[in-house]
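Data first, discussion second: the structure below is written as structure tokens.
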Amino acid sequence: MAKTLVGTDYAPPDLIEKITGRAKYAEDWRAEGMLFAKQLLSPMPHARVRNIDASAALAMEGVEAVLTADDLAEYMGEPGPLDERSLTNHPKYEGEPVLAVAAVTEKIAADAIEKIRVDFEPLPFALDPLDSIAPGGANSLPDGNSIIRRRTDTGMETVVERVEWTAEDLATARGSNGEKGRMPGGVFQDEWTNGDLEKGFADADYIIDEPLFFQSVTHHPMEPRSCMAHWDGDTCHLYPSTQSVAFTLLAGQGTVGVPPQNLIVHAEYTGGGFGSKIVGTSNMAVPVYLAKKTGKPVMHRVTRYEENYIGRARPGFQGWARIGFKNDGRISAFDWAVIQDNGPYGRQSDMGTSGNMVSLTYQPESMRHRGLSIATNTPPRAPQRAPGGVQMSAMVEPLLDRAADHLGIDRLTIRQINIAKNGAKFGEAEGRNVTTAYVAEAWDRLAEMVDWEEAKARSGQMNGSKVTGVGLASSTYTAGSSGFDGLMLITPEGRLEIHTGIGNLGTHSFSDTARVAADLLDVPWEKVDMVWGDTGKGVPHTCVQAGSQTTHAITRATHAAATDMKTKLQELAAQVHGGSASQYVVAGERVYRRGNRAAGLSLAQAAEKAIELGGRYDGTELNEGLSPITLGGAAVLKGRGLLAAAKDNYGRAGDVYSWVVAYAEIELDKETGVIELTDYKAVTDCGTVLNPRSLGGQLHGGAVQGFGCAVGQKWVYDPQWGIPFANRFYTARPATILDVPLAMEWDAVNMPDPNNPVGSKGIGEPPMGAGCASLLCAIQDALGQDTVAYLPLMTDHIINQLEGREQDSEFLAAHT
Amino acid sequence: MQIVQRATNPWGQDVLLGIDWSLFWIALIAGGVFLILHLALRRRWIGEEKKAAANAPDDPGLPKKIQRHSLASRLFHGVMGISMILLLITGFLPKVGLQFAWLEIHWITGLILTASIVFHIIHATFFQSLKNVWVGLSDLGDMMREMRKAVTGGEPPAKPGKYPAAQKMFHHAATLAGMAAIVTGILMMWRIEQPLWAQDDYKFFGDGGWGWVYVLHGVGGVVLVTLTVAHVYFAILPEKRWMTWSMILGWIDRKDYLRHHDPAKWPVSGGK
Amino acid sequence: MAVINDMIPDFELYQPESLDGALEVLDRHRESAWVLAGGMDTFDWFKDRVKRPEAVVDLGAIPELSGISETDGGIEIGAMTPLTAVVDNELIRERYGILAEAAETVATPQIRNQGTLGGNLVQDTRCWYYRAGWPCYRAGGNICYADTPESMNREHCIFDASRCVAVTPSDTAPALIVLDAEMVIRGRRGERTVAAEDFFVGPAIDITRMTVLQPNEVLQSVRIPDTWAGADFYFEKVRDRNAWDFPLVNVASAMRVEDEVVQDCRLSVGAVSPVPLRMERCEELLRGQTISEDIATRIAELGVIGAKPLRHNGYKVPLMRNLIRRAIRGQAPV
């Protein structure tokens, strides 16, 4: 078989721009007369703005405008009481932006902020969900502590309710009199049960009942969410930091109050998002309306400090797991309950997803899922890399090891016994199924890579004061959607121009997915031009660059468009050289009659022919079923060459999920609590590998993010004032390059998923959970089986455990 | 010049922190100015006083030594005086640039002062006559006459009982300032580590309330600075030394008794 | 006045080319002046507008403050010498390896390139309440936000709290204390020297400063005598991650051992008190002893007597104990 671009390492088309510093990220943009914006943030965790006096600021030379929540309401309409806007008169967390100033320099804008007097009325606040649901606990919102969505006669509505547990339920949940917390009763909002849970526990030979804690974690992408905007008549040019270009355009009405037809999004480069910039960012309205108000371009550079507040975070979980194991290690019952620290705005899906992940990952014979989402006066939450999945893996995987050790089963075996296979059912009423799950193959490959028997023998070995610990973990997550459009052009220069509306946040998927077309059309990669990051240059309707959808969804859409292109090439050749289209092949930058290379057209000739013929060849007429955004994109390209645009109408037999299984080895110093990660290996089932080098980057990069989550990153709030301190890279402590082994290995089972034309599935999500959970398992292995199921397991926790000391914070207390 | 220090609290609110430490210098200067004024005016009457002292009446029927302060009172005064000086030194010197480990000395001395004052209150209430220090309308009149005499050289006030009006007023001013400093000082001990109770900086008050506690403590302190200057000054003035000695020895000479006190208002009940 | 972070306010920048020039400016501006070395501590303060000096004196252009030279009885290191130069210096590595080792644990390679030895010694505490600009005792206020019943004080002190519970963040300080270094301080009235252990000031004496440096003085250099050159050294820093982190506890020791008997020793622990602690009582007990696990353990136990942990830093007591033990007997049990 000829070597394909799919599956081959390559230099992505943005490489030179990036390494030479020419790549323009949001805050690199400049425009004539551009102003700079700075924001005034709420100093209180929950307050109402009674009055704003900006007169002294406005009197300063160089200050051009002040934008308030009232101004935004005028431009965008009144927000709902629970809607998050770029600016607010009712801040619900310390650091929430209240107003913004535009001035000729950032320094003047900052000086102006200092001259503004805002009269805040402090309101009660809640930082810890368990404290809030305690009898008489503080509410985080005026009317309660939980945001719920409910169906009404006219549709869905979002309301707030007060959730309160009894003191008895709380005592059970938290533990009392030296006893650990246990699975509580209490009020939950989500609940479903599969199978006969009681029977499952009755059948169990060993039952674990544990409280679990997973901290909230800020996304902290390298690039903060800076944004520039200017207006050209009624058209707004937006330069955001976004994960998704086409969807930032589509969501414009909701995010900045500008409909897609009046919006042009420029975002070629984004320095990561991890789910926090899916359709742009919450602050985009600030430069948009300051630009509107002043008639000048406005740049809003967001600092790391501000990023900590408005940059989104993963919801923390206070949870409980009661798991029944049979003697052979099979999980007969899994009772899972979590309280989600939701932050003050939109209800997050993490807790619901975590139940699905339990169901899918371990395929328990019976299970119950319960979830409760409690709003807190802490920064807004958003999906973060495997939302709900990372929390679940990190909290549950160490429990599997405990069960394995108790039952005398190999830790790899217990995972292989409770495993999902192709077509595995999961979720509420087991109403969903995955397409493929080559997890067993991944475990086999990993066991081979690490020489599991040898690794096990190293467990517990002492080297001076250091003990070796080894850990295994698996993690899964969604890996693809479908139904989007592909758009491409062959130009009269004979080049293949592929347009994409996905974002370029450093994963290379914007170009990886295009290689499918080059393969299908047999165009060398050097002859492919990628056009991305600018909706003014024509983009198709592409998925959000989130939930690891892109690889699967956009290879499908690209394949559909490339197939359309191929058909059109064949038709054009047949029109020129006679015969039927099916007699023509597309190869070697030509379309020609099978067996007679001379009887055909070069790609350049085909493009010229398309322009000459017009109609369905040059984009004048387009296929049925295309999205309006694709139609708009095609209109930009019309008449420039041979245009192909097609919707992904391929079928799919289930939900697409990818998997990572991982091995971590550590040395833990029993005198200092210091952990050194000495080895990390990961194997994935993500379907066909598109770009090996980039896949390695995802597997290891995600793992490193997981390591930080496991042992380093922790929000710390002063409970008296409701103010956090871990608000920059130093205090937030994500893992650094010096915290991980220099050489980490990875592999992929590389089994194609039949639901994708090239067999690919996404891979962004699960590496983080695998990294996080395998490290925790290794720490537990080194410490012994009584390790607290707590994240982050920082030095103080480990020392206290080693010394048999009580922990300095209450186990389920958030942000301490 | 600022009178109080203010700061922005973690919620961005403007709050009181305490007095501005420049008030210490003001208090010290105020004490000095008083001292200089008094010395200047003193020249006008000191000659007459000396003459009067030389021709002082005597009454051999009375004991030679008239007891003015009991041992308990003198001990209290000594403890209180030393405490006060120590408190002012440890309280103010670090604020004006002389750094040393002052805090423990300060609060321990503060507790000693408090204990001595509690003793004094009990002793004075149950074992002494509160009447002696009571300031009545006649005392105010005497004060006015005393001041008029000092400034214009008019008629002196009538002889007092055990304590002259000025001394009573001083006592009450010191009591007021001292009590402000003591009560607030005890509250402030919730904001430091000490063995008596658990530190809790948020107990009792919010930021604003605590700001007032610190202001009152500071105001009490600076007032005491001025009062101490005045007190020490009078203690070493030659014409007042009979009183100073009485605070050390407990008794006054019969002549001083007759010269400075009205036996009708303070009849002698004991002596040697 | 509303608060805003991340924007350095205006100040007058002075870049003198001589130390005398710098001292003249400092003397002129006194409390309203700020000494800028590598900027690693400074710019945090400036960015958040918590410290707003009128005049900033950049010492970067003063040649006499930089460099490492051999002296009669040891070496002298200019205060502006970058930490990387300290780490890489052959003489230091050969004779005072503990200093190189300590300097190498500071922050990140990038910060060590920019940060200076002097800056590492005189840097302000990292108490996050204080650095957030809250009006605490150290900032001239009337409360320690880090020492209330619910405060987040995992990183704070277990010894010598006096209203303030912040700790010394320096990694090089304990190493210099065990090396018996002298701090050379220059003011307009000339030079004075202070022993490394006396250079640092606790809150009991002065709650607003970390060192004896007066506002019109500059740390000129650090002199290390040859007293401990080539001794048996031990340095260890425990932190939450391997880069860009201050010590939870660090320890340094220097020992002269003959026939397995400790002839002389010095021991210092950082990040457990507002100043780096010299563990004189431990040293006294260790002299004349043959090193064994038992001796190391017993002395380490004594070293933590009197520790008063706060709400969230009880773990520092066993950590400090174990680090003292390791400073005596090495990383591995004997």
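We did not get these values from a lab; they are worked out from the coordinates using the rules stated. No experiment lies behind these values; they were computed from the predicted model shown. Cβ coordinates were reconstructed from backbone atoms using ideal geometry, including for glycine residues, and neighbour counts include every protein chain displayed.
Which members of the range A:46-56 meet the condition of being more than 9 Å from chain B (Cβ to nearest Cβ) and touching a residue at least 60 places away in the same chain (Cβ under 8 Å)? Within the range A:46-56, A:46, A:48, A:49, A:50, A:51, A:52, A:53, A:54, A:56 qualify.
The set of residues in the range B:136-184 that are under 23 Å from residue B:121 (Cβ atoms) and of a type in the set (Val, Ile, Thr) comprises B:175, B:182, B:183, B:184. A count restricted to the range C:9-42 and to residues that are within 12 Å of chain A (Cβ to nearest Cβ) and free of Cβ contacts under 8 Å to residues at least 40 places away in the same chain stands at 1.
For the range C:253-264, the criterion of being in contact (Cβ under 8 Å) with a residue 12 or more places away in the chain and within 14 Å of another protein chain (Cβ to nearest Cβ) is satisfied by no residue at all.
Screening residue B:204 with (1) of a type in the set (Phe, Trp, Tyr); (2) within 14 Å of chain C (Cβ to nearest Cβ); (3) closer than 25 Å to residue B:84 by Cβ; (4) surrounded by fewer than 17 Cβ atoms within 10 Å (Cβ to Cβ) gives one miss only, at (3). Could you list all residues from the range A:678-735 that are of a type in the set (A, V, I, L, M), at the interface with chain C (Cβ under 10 Å from one of its Cβ atoms) and either over 30 Å from residue A:658 (Cα atoms) or assigned to a loop (DSSP other than H, G, I, E, B) (or both)? The answer is A:716, A:723, A:726, A:735.
With respect to being hydroxyl-bearing (Ser, Thr, Tyr) and within 26 Å of residue A:145 (Cα to Cα), residue A:105 falls outside the description.
Taking the criterion of being in contact with a strand residue (DSSP E or B) (Cβ under 6 Å, 6 or more places away or on another chain) and buried (at least 22 other Cβ atoms within 10 Å of the Cβ), the residues of the range A:690-699 that qualify are A:690, A:699.
The number of residues in the range A:1-23 that are touching a helix residue (DSSP H, G or I) at 6+ places or on another chain (Cβ under 8 Å) and in contact (Cβ under 8 Å) with a residue 12 or more places away in the chain comes to 11.
Checking each residue in the range A:384-400 for being within 14 Å of residue A:210 (Cα to Cα) and surrounded by 24 or more Cβ atoms within 10 Å (Cβ to Cβ) picks out A:392, A:394, A:395, A:396, A:397, A:398, A:400. All conditions but one from (1) closer than 13 Å to residue A:129 by Cβ; (2) touching a residue at least 40 places away in the same chain (Cβ under 8 Å) apply to residue A:348; the one that does not is (2). Selection within the range A:15-29: residues that are more than 14 Å from every other protein chain (Cβ to nearest Cβ) and in contact with a strand residue (DSSP E or B) (Cβ under 8 Å, 6 or more places away or on another chain). The member of this set that is surrounded by the fewest Cβ atoms within 10 Å (Cβ to Cβ) is A:29.
Could you tell me how many of the residues in the range B:1-40 are among the aromatic types (Phe, Trp, Tyr) and within 30 Å of residue B:151 (Cα to Cα)? Going through the range B:1-40 one residue at a time, the tally reaches 3. Looking across the range A:204-240, just one residue is under 30 Å from residue A:374 (Cα atoms), in contact with a Pro (Cβ under 8 Å, 6 or more places away or on another chain) and assigned to a strand (DSSP E or B), and that is A:218. The residues of the range A:127-156 that are part of a loop (DSSP other than H, G, I, E, B) and under 30 Å from residue A:54 (Cα atoms), listed by number, are A:140, A:142. Scanning the range C:289-328 for residues that are within 12 Å of another protein chain (Cβ to nearest Cβ), part of a helix (DSSP H, G or I) and of a type in the set (Gly, Ala, Ser) yields a count of 3. Here residue A:757 passes the criteria (1) in a loop (DSSP other than H, G, I, E, B); (2) away from chain C (no Cβ under 14 Å); (3) in contact with a strand residue (DSSP E or B) (Cβ under 9 Å, 6 or more places away or on another chain); (4) not acidic (Asp, Glu) except the one numbered (3). The condition (being within 14 Å of chain C (Cβ to nearest Cβ) and surrounded by fewer than 22 Cβ atoms within 10 Å (Cβ to Cβ)) is satisfied by just one residue among A:71, A:131: A:131. Just one of (1) assigned to a helix (DSSP H, G or I); (2) without any contact (Cβ under 8 Å) to a residue 24 or more places away in the chain; (3) away from chain C (no Cβ under 14 Å) fails for residue B:196. It is (1).
Highlighted here are the strands (runs of 3 or more DSSP E) found entirely within the range B:1-101 that include at least 2 residues which are within 14 Å of chain A (Cβ to nearest Cβ) and under 30 Å from residue A:719 (Cα atoms): B:4-8, B:14-19.
Residues in the range B:115-169 that are in a loop (DSSP other than H, G, I, E, B) and within 22 Å of residue B:228 (Cα to Cα): B:134, B:135, B:162, B:163, B:164. For the range A:802-816, the tally of residues that are free of Cβ contacts under 8 Å to residues at least 24 places away in the same chain and either out of contact with any helix residue (DSSP H, G or I) (no Cβ under 6 Å at 6 or more places or on another chain) or buried (at least 23 other Cβ atoms within 10 Å of the Cβ) (or both) stands at 5. When each of C:275, C:317 is tested for being touching a residue at least 40 places away in the same chain (Cβ under 8 Å), within 18 Å of residue C:168 (Cα to Cα) and either in contact with a strand residue (DSSP E or B) (Cβ under 6 Å, 6 or more places away or on another chain) or acidic (Asp, Glu) (or both), the lone residue that passes is C:275. Among the conditions (1) surrounded by fewer than 18 Cβ atoms within 10 Å (Cβ to Cβ); (2) in contact (Cβ under 8 Å) with a residue 60 or more places away in the chain; (3) within 14 Å of another protein chain (Cβ to nearest Cβ); (4) not acidic (Asp, Glu), the only one that residue C:52 does not satisfy is (2). The set of residues in the range C:193-202 that are farther than 15 Å from residue C:220 by Cβ and either at the interface with chain B (Cβ under 9 Å from one of its Cβ atoms) or out of contact with any Leu (no Cβ under 9 Å at 6 or more places or on another chain) (or both) comprises C:195, C:198, C:201, C:202. From the list A:103, A:126, A:110, the one residue that fits, being within 14 Å of chain C (Cβ to nearest Cβ) and either touching a Ser or Thr at 6+ places or on another chain (Cβ under 9 Å) or within 22 Å of residue B:9 (Cβ to Cβ) (or both), is A:110.
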